[in-house]
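The values are calculated or read from the model by the stated rules, or taken from the named source; none is laboratory data. Since the structure is predicted, the reported quantities are computational estimates derived from the model, not experimental observations. We place every Cβ from the backbone using ideal geometry, glycine too, and count neighbours over all the protein chains shown. Just so you know, the surface numbers come from the protein's heavy atoms only, side chains and all, with ligands and any DNA or RNA stripped out. Shrake-Rupley method; radii C 1.70, N 1.55, O 1.52, S 1.80 Å.
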Amino acid sequence: MTNIIMAGVGGQGVLLACRVLMEAAFYSNYDVKESEIHGMAQRGGSVEAHVRFGSDVASPLIPNAAADFIVSFELCEAVRKLDYLGKHGVLFVNNEKVIPSSVQAGLAEYPEALDTWLDNNVPNVHLLDTLQARKDIGSKRCLNILMLGALSNRLDIPEENWLSAIRELVKPKYVDTNIDAFNYGRSCTA
Amino acid sequence: MNKRIMMGNEAVARGTYEAGCHVAAGYPGTPSTEILEALSRNAPDVKSQWSPNEKVALEVAFGSALAGARALATMKHVGVNVAADPLFTFSYTGVNGGLVIISADDPGQWSSQNEQDNRNYARHAKVPMLEPSSPDEARRFVKQAFQLSEDYDRPVLVKVPTRIAHSRAIVAEEEVCTRELKRFQRDPQKYVMIPIHGRQRHIVIEEKQTELANVSDHTALNRVEWGDTKQGIVTDSVAYQYVKEVAPEASVLKLGMVWPLPRETIQDFAAGVDGLIVVEELDPFIENEIRAMGIPVAHGKDVIPNCGELTPDIVAQALNKPRAENHIPACPETLPPRPPRLCKGCPHAPIFTALKELDLNVIGDIGCYTLAALAPYNAMHTQACMGASVGMHFGMEKASPQMAENSVAVIGDSTFVHSGITPLIDIVYNQGTGTVIILDNRTTAMTGHQEHPATGVTLSGEATHALDIPKICEATGVQRVFTVDPFEEEDLKGLIQTEVETREPSIIVVNRPCLLK
């Protein structure tokens, strides 16, 4: 069984990434389940989804300290999810801050140097600087597939199944850009 | 058999389609909304529609069933409250065709004002309830629900919680059936619920409950999975999956039909194990029923919380199973909260800025604009249920007349159509003077931009008559009806201030489409 927590902020494409991941696992003949939260979370709130695949998946939710991977599209959201990370789990995190409304309103502060703290305290962490890559690829909106690319090296899913899943679920005119993003993400953790 | 990954709600839609359903109606509400959207997209033969509210949706579905169709009504758990009036009496009349009602419950209140447990409705309205534990079961159970409904002439409830409705999994696709309509036969003693008929029907439905209890004892919807007999776990819905996750070796009675409950099956199961533990979300529904049967229950709500959703960890703790330890040190930094917020450029924003500056009591309602209760606006002071703002605002004025001058009701367009019109009639009828602000962004935004009667577009995207909100307000008898654009109106504050001070009822329709639409 492989357990993956996907985390981010509403609007970052977390749920599409989950669907691509599930589809790629499904093409690879795994049983697969996912659970996500809609509604209020759409409006810029924290987004958390659980994806599990293996020979037979029961619960759609991943137990505490049982995630093999956490993929976070945002720094502070990564820290929020660390209780899920298993002993040998790996964290992939986009080294970027999305400032919450609570900080904009002056009611809270966004801590400095969360990236350094993660680097020092999480045994297996990949901090990815994706902003320049996304500019080079020519789309800011491909972060989700880029992060999947980074994760993909660690999963037992053949590359062609990833590409088929992207072609199946991403809008046709964005497929090429997203495949570039996937390949870039893959190169980061190769 | 073809298999695909589907969301639970898409699987409910697929089961509905496979069952040969003719008509489906509902009102959007998380986590139920995607059912009708998927039906409209994938099953064009099913006549699917958004209704103005859940009561109307259920009445439309019931009418279709009486006309001999298989009909579906979809709603979130609190939507069943709105539809409860017809539900309880359709239980008496029976349905002729097939009538299935989806109750999409929200344990954990991810997107709801409460976390009521709608299994109680099945017992209260005396209608059968099925509870799938996964998306594929949801597809199959909906088909079985239609069959039960036709075979026993009962409406049938199917409950899906957030963790099934908004869960994705592999779902099989089976053949789509087509079904002839049954004939509608006039039968006033069955369909006209005057007291003399209703008393007779009550006897009939109690007999049906006995018959259905027997069905519950023999259906494969309820099954025992024997394992270690030291403890027997009775469970339902998604809780079953958590039990299988943390105690795969245990003996489990999995209940797929939770009303009526299978008494003999439970008795036999209890006799085969050393003690029963009931693992269920929210209320001790199954637990109390088992105790009422005179069957001892070793553990239930003494170890399983009755608030919030269950998780594998909560179930593991209750069953004394080992749990993995956290091994990463706690981050010493305080993380900033990230609540949802109104989008940048939201047309609701100028109104709440104005209301905040005017320091009025804001009697709010349900929609995106409820987020104005949070920072940075902090400009909503009550919110309860769909449509409540208008009547509550009037009630405050009745109790304390000056509250008409220091308060406003704020309600969205879809919510106003849902249940804001009748309380407006009350204000006029009983000589209120309050001001109601209708935030008309031409969509049901919070649930993901569904159409409604005032958008002029149907669920399937067809153009239709658009309800004219200012005109309907005028028709109630309100003389002072203003329509403003929140980005063009230079003196929003002045307008609101004048209207709250005016000693007659006023409506301010704030008209600007949602920028995400």
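Some points to look at:
- Considering residues of region A:1-27 that are in a helix (DSSP H, G or I) and open to solvent by 10 Å² or more (accessible area, probe 1.4 Å) only, the residue farthest from the other protein chains (Cβ to nearest Cβ): A:16
- Filter result for residue A:47 (more than 7 Å from chain B (Cβ to nearest Cβ) and in a strand (DSSP E or B)): yes
- Test for residue B:229: is it open to solvent by less than 20 Å² (accessible area, probe 1.4 Å) and modelled with pLDDT of 95 or more: no
- Output for region B:158-198, where each listed residue is hydrophobic (A, V, I, L, M, F, W, C) and away from every other protein chain (no Cβ under 14 Å): B:158, B:176, B:177, B:181, B:184, B:192, B:193, B:194, B:196
- Tally of residues being touching a His at 6+ places or on another chain (Cβ under 7 Å) and open to solvent by 10 Å² or more (accessible area, probe 1.4 Å) across region B:8-22: 0
- Filter result (crowded, with 24+ Cβ neighbours inside 10 Å and in a helix (DSSP H, G or I)) within region B:128-143: B:135, B:137, B:138, B:139, B:141, B:142
- Scan of region A:70-84 for residues that are surrounded by 19 or more Cβ atoms within 10 Å (Cβ to Cβ) and out of contact with any Lys or Arg (no Cβ under 9 Å at 6 or more places or on another chain), ordered by number: A:71, A:73, A:78, A:79, A:81, A:82, A:84
- Residues satisfying the stated conditions in region A:99-131, i.e. outside any loop (DSSP other than H, G, I, E, B) and of a type in the set (S, T, N, Q): A:101, A:102, A:104, A:116, A:120, A:121
- Hey, residue B:404 farther than 18 Å from residue B:53 by Cβ and surrounded by 20 or more Cβ atoms within 10 Å (Cβ to Cβ) or not: yes
- For region B:285-296, filtered to residues that are open to solvent by 40 Å² or more (accessible area, probe 1.4 Å) and under 17 Å from residue B:260 (Cβ atoms), the residue that is farthest from the other protein chains (Cβ to nearest Cβ) is B:294.
- Region B:270-302: number of residues that are part of a helix (DSSP H, G or I) and not acidic (Asp, Glu): 8
- Every residue from region B:232-252 that is open to solvent by less than 10 Å² (accessible area, probe 1.4 Å) and under 27 Å from residue B:168 (Cβ atoms): B:233, B:235, B:236, B:237, B:238, B:239, B:242, B:243, B:247, B:252
- Members of region B:297-323 found to be at the interface with another protein chain (Cβ under 7 Å from one of its Cβ atoms) and open to solvent by 50 Å² or more (accessible area, probe 1.4 Å), listed by number: B:323
- Enumeration of residues in region B:23-43 that are surrounded by fewer than 24 Cβ atoms within 10 Å (Cβ to Cβ) and farther than 28 Å from residue A:27 by Cα: B:23
- Hits in region A:138-168 (condition: part of a helix (DSSP H, G or I), surrounded by 20 or more Cβ atoms within 10 Å (Cβ to Cβ) and among the aliphatic types (A, V, I, L, M)): A:143, A:145, A:146, A:147, A:148, A:150, A:151, A:165, A:166
- In region A:28-69, of all residues being over 15 Å from residue B:163 (Cβ atoms) and polar (S, T, N, Q), the one that is most open to solvent (accessible area, probe 1.4 Å) corresponds to A:29.
- Among the residues of this structure, residue B:329 does not count as one that is within 14 Å of chain A (Cβ to nearest Cβ) and under 31 Å from the mean Cα position of the chain (by Cα).
- Restricting attention to region B:191-203, the residues that are in a helix (DSSP H, G or I), open to solvent by 40 Å² or more (accessible area, probe 1.4 Å) and touching a residue at least 40 places away in the same chain (Cβ under 8 Å) add up to 2.
- Any hit, region A:55-70, residues being at pLDDT below 95 and β-branched (Val, Ile, Thr): no
- Residue match in region A:95-111 (condition: of a type outside the set (Lys, Arg), within 15 Å of residue A:4 (Cβ to Cβ) and touching a strand residue (DSSP E or B) at 6+ places or on another chain (Cβ under 6 Å)): no
- Candidate set from region A:85-114 (those that are within 8 Å of chain B (Cβ to nearest Cβ) and buried (at least 19 other Cβ atoms within 10 Å of the Cβ)); member that is nearest to residue B:344 (Cα to Cα): A:101
- Residues satisfying the stated conditions in region B:212-235, i.e. in contact with a helix residue (DSSP H, G or I) (Cβ under 6 Å, 6 or more places away or on another chain) and among the acidic types (Asp, Glu): B:217
- The set of residues in region B:144-171 being open to solvent by 10 Å² or more (accessible area, probe 1.4 Å), part of a helix (DSSP H, G or I) and touching a residue at least 12 places away in the same chain (Cβ under 8 Å) consists of B:144, B:147, B:148, B:150, B:152, B:163.
- Those helices (runs of 4 or more DSSP H) lying entirely in region B:366-451 with at least 1 residues under 16 Å from residue B:346 (Cβ atoms) and either within 14 Å of chain A (Cβ to nearest Cβ) or of a type outside the set (Gly, Ala, Ser) (or both): B:413-419
- Counted residues, region A:50-84 - those being at the interface with another protein chain (Cβ under 9 Å from one of its Cβ atoms), hydrophobic (A, V, I, L, M, F, W, C), closer than 30 Å to residue B:29 by Cβ and assigned to a loop (DSSP other than H, G, I, E, B): 4
- Region B:64-76 residues that are hydroxyl-bearing (Ser, Thr, Tyr), paired with ones that are in a strand (DSSP E or B) and open to solvent by 10 Å² or more (accessible area, probe 1.4 Å) (beta carbon under 7 Å, 6 or more apart): B:64/B:23
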